[in-house]
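The structure appears below as structure tokens.
The values are calculated or read from the model by the stated rules, or taken from the named source; none is laboratory data. Just so you know, these numbers come straight off a predicted model, no measurement behind them. A quick note on method: Cβ atoms are made from the backbone with ideal geometry, for glycine too, and the neighbour counts reach across all protein chains shown.
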């Protein structure tokens, strides 16, 4: 089967790839596995089946040449439980499919009591079990393993030769690596570089005039990507043993705006709880800025449930997005629809829907009236909101925008508890006077009748409900429609339908929120759910089941803390704390002008990787002496970062030491001084839990089902492979840090135990998982061990764990994790309620947001969902700066159905080698462009040459760029490692990376990138642009 | 796929239908004859596949699994999901996505068999059309003859190659790789001769909705589809497809 050129003309269409690579790959593989296997006359070079199952009896016969193991994938952040089939002779992975015990791969998943044998038979033709219990791996998941044998893998420690980003490296020994990192020295002939030992200064303040910044150790910072099940180990080293505060992931340049908007609704802007539609039972779902089944997390589970729901006739859904994706399927007809929208205007659409709902009695005011969980539950509601809580509305009052608290009206509250948890929120009582919200037994008024009397002074108050309603009524429907480009009839239609399904409707967002107003757009989308009261209902808005904790304080091992553990303190590099608590604020206030601060602060955001680079390279709040990049690629992933910082990053005077731990060379660690290899895919350990979208508790076990390929730490016969864990252990031992070494950890009785090898940590974490929950798991049988390949681990399990533990931990590995039974998703006593519920208030008004000020202007932020145009940090609308007449188009990024940000050098690339920019036919006609033409795409931040594809699957006026292309590294540039040169693969540079076109913020002196002013998240949707034919 | 000449037996297409079809290769989909339950007295099984297009999410899990299971060379495919952005005429939703999983149709009247000069390609008693690599001379007549463009010459082996329904797995009591890993659950594999089996039950339940590709070519494919025709007809008449408040709501 060949793919015709005309399929290239389709969105998401795939194109045949030049044949050149097939020879490379063929040679590479035959070089690794020896001669090509002899072909069967019918089956050709197809792999031997991993086992056979008698179709009549269900008897299983394993294939002794292959190992089948359950572990975790890392082809995307979903981290599905998968089954990996390994050729025992070569150690190569043949193919990957799903783990039937894992809810991320199977719907419904198999109960854990099923033996491994039964789990394998469940995948076969026997009684059509394999169809009913289908357990899958996606295309990307299957392809991503190609990286294990990639010619671009880093397998030994590398030290830079010549300037940063020069592409020249010297392989060095692990011993030399550890010595140089710890001791420093004149490492590159460029002058002295401080090592980690000298940089670990826990006593001296960074700036004696600004003690709130913390000690100098904070000038060592680690940027990671995602918790792949190994983050607690890395944090144990960097936060607790080494002692730096600065350890942050990729959220602020992933879907952070959505998370922050959700955090506002769920009342926690740091942990940012969120919920997902219960796709297994929902009737109507609005996906706004997210494409279910096209990409996202959990990718497969969402896709499976979406396909099931729409084909069975239960589920209808609408995808509202500037770009058409695989979330649409015309064969499913009107069960699924696509509504194109202008980028960064979702808030207008949603506030329009809310307006219609308020005006047409479609807001569930009965539900909103319950001011606490007890009152709600008594009325049959599994959740509640703060709609009735009173907010200070008095203009100029110091607490304007904050909730009225008990202490404000004279209720006795200890001084140190004022305005904290113990200080009650208030609602209007039956007598018209404020009363604590938590003691109400029934509904409270949603409208504040009169000002509250505080002593003899009147204090204007509003309810959260009133403030949201006022916000929704700010503009008329026609105005909202005009802004977002969605017809008024569609907005009202969506609102109507959304409110016709009781609690079995839901609205959700994700990466499409990454605009210059992303926080408010996201807050608006998720607030829709509160207005129909769908939280915790079956078929509604449901929370994740969570995982079983590995790195906790027991039940078997104390992995949470240790004697001598540091509690890091200070101001985080991303300034996600109140400006008003800084020395700078005090200084400026004393000088008579508290605002503006030198630059933006983000008190309502979590840790911000987006802000790190401008911060560390400009020294605000402070400079950084050493940066560790662990499996992260900020220069590729953060819109606008590369053009802003690439010069400074190449200068060791600005940032003296950059160390990367990564199996590959990417756009960011190409600037590193050292690259340390790490395990990849099925070589790694870890315990991970689903990010969201799985209502039952689930923990996935990751374990090395194949030998890690990286070099060993020494020539000793049992030396482990070099990787994140072995590096950090070696650094800890060299610096004699607590929490590692011969007595690094302890069991729950306090007996000291070694932490000298990765398995010392992960197997004991496994014991915590196995013994956690309501009751410990069962024991793995010898047959389970044999059939799952866990036999390989048996010596380690027996040597590391106690006699009553090892078979239970083995039980987890034989089944690839620990999973609560699928039938426990709903509450046993109340089958319409979810078992795992979010029990705190939903915040229609968030006073952390509404009570804080923009550090550049001193103006208060709005505390509820609202429409605001995309703007720069000081509130200046983007279009005031970059006029439509100059930049008539808007660029958006969209997630690829196939490619992720690091899967470029895999079979995915041959399926889908390029990312032509999608242009609407009307725009294309005006520009004289046709499909296949080359064009120049330009933004105020940069420009690139692209190929265009013209079709109606994009909003007018929008250019859509698929993420995952336009690479400069990961194979796109051949590096020299000692005498060896990597293969030349210029094809891997194909396409455009939208993030290279991101903007600097002119209201921050063009010294920082454009981020959302509240959430600090990077702006990649709605970049002003023009397109020119070339 | 090769060029798809408008088939002579295709029903007349209205202008709006043509507009809707823009961007889609011309293919016809029409009701298939219900396959006979038992085709050969000596055949215990008659393997077939049903693809419920409504469930496909275009993730290419099948494509990649097949490549890895069968060591398919770079640039060739035994199965593949064609994915199209389709302009919708007379509809408010301006465009839609259409996915079409494709593979060898394991025809009961396979045009690839008679053209083989060395008798290398044949239909097994269980319905699976295969190539005997020991006989194949790589002349590619079969590649030309296949109306579904399901075959290619494997340039590593110089033999004709195509989907075998993963016969090596099916013979071992397992499912084809693509079916096993189909995320949307679109692909159903089974035995036409097993009335209690999932495949047969779904085919029987879907009846008139079941279609095959290019029925007019007389190949009697044993890959069936649900969701092929409705999508065409439903939009052709130009009903509003963008979501609107329903008149039926009370």
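List of remarks:
- The residue of the stretch B:148-191 that is nearest to residue B:105 (Cα to Cα), among those that are in contact with a helix residue (DSSP H, G or I) (Cβ under 7 Å, 6 or more places away or on another chain) and surrounded by fewer than 23 Cβ atoms within 10 Å (Cβ to Cβ), is B:152.
- Qualifying residue in the stretch A:242-260 (condition: more than 30 Å from residue A:841 (Cβ to Cβ), more than 20 Å from the chain's Cα centre (by Cα) and not in a loop (DSSP other than H, G, I, E, B)): yes
- Meets criteria (assigned to a strand (DSSP E or B) and touching a helix residue (DSSP H, G or I) at 6+ places or on another chain (Cβ under 7 Å)) for residue A:893: yes
- Selected residue (criterion: nearest to the other protein chains (Cβ to nearest Cβ)) from residues of the stretch B:127-143 that are out of contact with any helix residue (DSSP H, G or I) (no Cβ under 8 Å at 6 or more places or on another chain) and under 16 Å from residue B:105 (Cβ atoms): B:143
- Considering the stretch A:781-856, the qualifying helices (runs of 4 or more DSSP H), each wholly inside and each with 2 or more residues that are farther than 30 Å from residue A:389 by Cβ, run over A:782-788, A:794-800, A:806-815.
- Those residues of the stretch A:439-478 which are in a helix (DSSP H, G or I) and buried (at least 16 other Cβ atoms within 10 Å of the Cβ), in sequence order: A:464, A:465, A:466, A:467, A:468, A:469, A:471, A:472, A:477
- Exactly one residue out of A:530, A:509, A:551 is in contact with a helix residue (DSSP H, G or I) (Cβ under 7 Å, 6 or more places away or on another chain) and surrounded by fewer than 24 Cβ atoms within 10 Å (Cβ to Cβ), and it is A:551.
- Taking the stretch A:44-59 as the range and being in contact (Cβ under 8 Å) with a residue 12 or more places away in the chain, at the interface with chain B (Cβ under 7 Å from one of its Cβ atoms) and within 41 Å of the chain's Cα centre (by Cα) as the test, the residues that pass are A:47, A:49, A:53.
- Sole exception among (1) more than 27 Å from the chain's Cα centre (by Cα); (2) in a strand (DSSP E or B); (3) within 8 Å of chain B (Cβ to nearest Cβ) for residue A:334, by number: (2)
- Residue in the stretch A:294-306 that is touching a strand residue (DSSP E or B) at 6+ places or on another chain (Cβ under 6 Å) and surrounded by 24 or more Cβ atoms within 10 Å (Cβ to Cβ) present: no
So that you can scan it fast, the table gives a plain yes or no per residue for (1) surrounded by fewer than 24 Cβ atoms within 10 Å (Cβ to Cβ); (2) under 30 Å from residue A:631 (Cα atoms); (3) at pLDDT below 90:
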position	(1), (2), (3)
A:896	yes, yes, no
A:918	no, no, no
A:925	yes, no, no
A:929	yes, no, no
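- Of everything in the stretch A:350-383 that is part of a loop (DSSP other than H, G, I, E, B) and touching a strand residue (DSSP E or B) at 6+ places or on another chain (Cβ under 7 Å), the residue that is surrounded by the most Cβ atoms within 10 Å (Cβ to Cβ) is A:371.
- For the stretch B:187-207, taking the residues that are within 7 Å of chain A (Cβ to nearest Cβ) and either outside any helix (DSSP H, G or I) or modelled with pLDDT under 95 (or both), the one that is farthest from residue A:140 (Cα to Cα) is identified as B:197.
- In the set (1) touching a strand residue (DSSP E or B) at 6+ places or on another chain (Cβ under 9 Å); (2) away from chain B (no Cβ under 14 Å); (3) crowded, with 21+ Cβ neighbours inside 10 Å, the condition left unmet by residue A:943 is number (3).
- When the residues of the stretch A:63-75 are filtered to those that are touching a helix residue (DSSP H, G or I) at 6+ places or on another chain (Cβ under 6 Å) and within 13 Å of another protein chain (Cβ to nearest Cβ), the one that is surrounded by the fewest Cβ atoms within 10 Å (Cβ to Cβ) is A:75.
- Taken residue by residue, the stretch A:123-130 has no member that is crowded, with 22+ Cβ neighbours inside 10 Å, part of a strand (DSSP E or B) and free of Cβ contacts under 8 Å to residues at least 40 places away in the same chain.
- Residue tally, condition surrounded by fewer than 23 Cβ atoms within 10 Å (Cβ to Cβ) and either over 14 Å from the mean Cα position of the chain (by Cα) or assigned to a helix (DSSP H, G or I) (or both), over the stretch A:217-232: 2
- Against the criterion of being modelled with pLDDT of 95 or more and part of a strand (DSSP E or B), residue A:279 does not qualify.
- Within the stretch A:564-577, tally of residues that are in contact with a strand residue (DSSP E or B) (Cβ under 9 Å, 6 or more places away or on another chain) and surrounded by fewer than 17 Cβ atoms within 10 Å (Cβ to Cβ): 1
- Test: residue in the stretch A:972-981 that is in contact with a helix residue (DSSP H, G or I) (Cβ under 8 Å, 6 or more places away or on another chain) and part of a strand (DSSP E or B): no
- Only one entry of A:584, A:611 meets the criterion of being touching a residue at least 60 places away in the same chain (Cβ under 8 Å), buried (at least 24 other Cβ atoms within 10 Å of the Cβ) and outside any loop (DSSP other than H, G, I, E, B), and that entry is A:611.
- Under the condition of being under 29 Å from residue A:144 (Cα atoms), outside any loop (DSSP other than H, G, I, E, B) and at the interface with chain A (Cβ under 7 Å from one of its Cβ atoms), the residues counted in the stretch B:67-95 number 9.
- Within the stretch A:415-432, if we keep just the residues that are assigned to a loop (DSSP other than H, G, I, E, B) and over 39 Å from the mean Cα position of the chain (by Cα), the residue that is surrounded by the fewest Cβ atoms within 10 Å (Cβ to Cβ) turns out to be A:431.
- So residue A:412, is it out of contact with any strand residue (DSSP E or B) (no Cβ under 9 Å at 6 or more places or on another chain) and assigned to a loop (DSSP other than H, G, I, E, B): yes
- Note on the stretch A:769-796: residues that are under 27 Å from residue A:719 (Cβ atoms) and buried (at least 22 other Cβ atoms within 10 Å of the Cβ) amount to 4.
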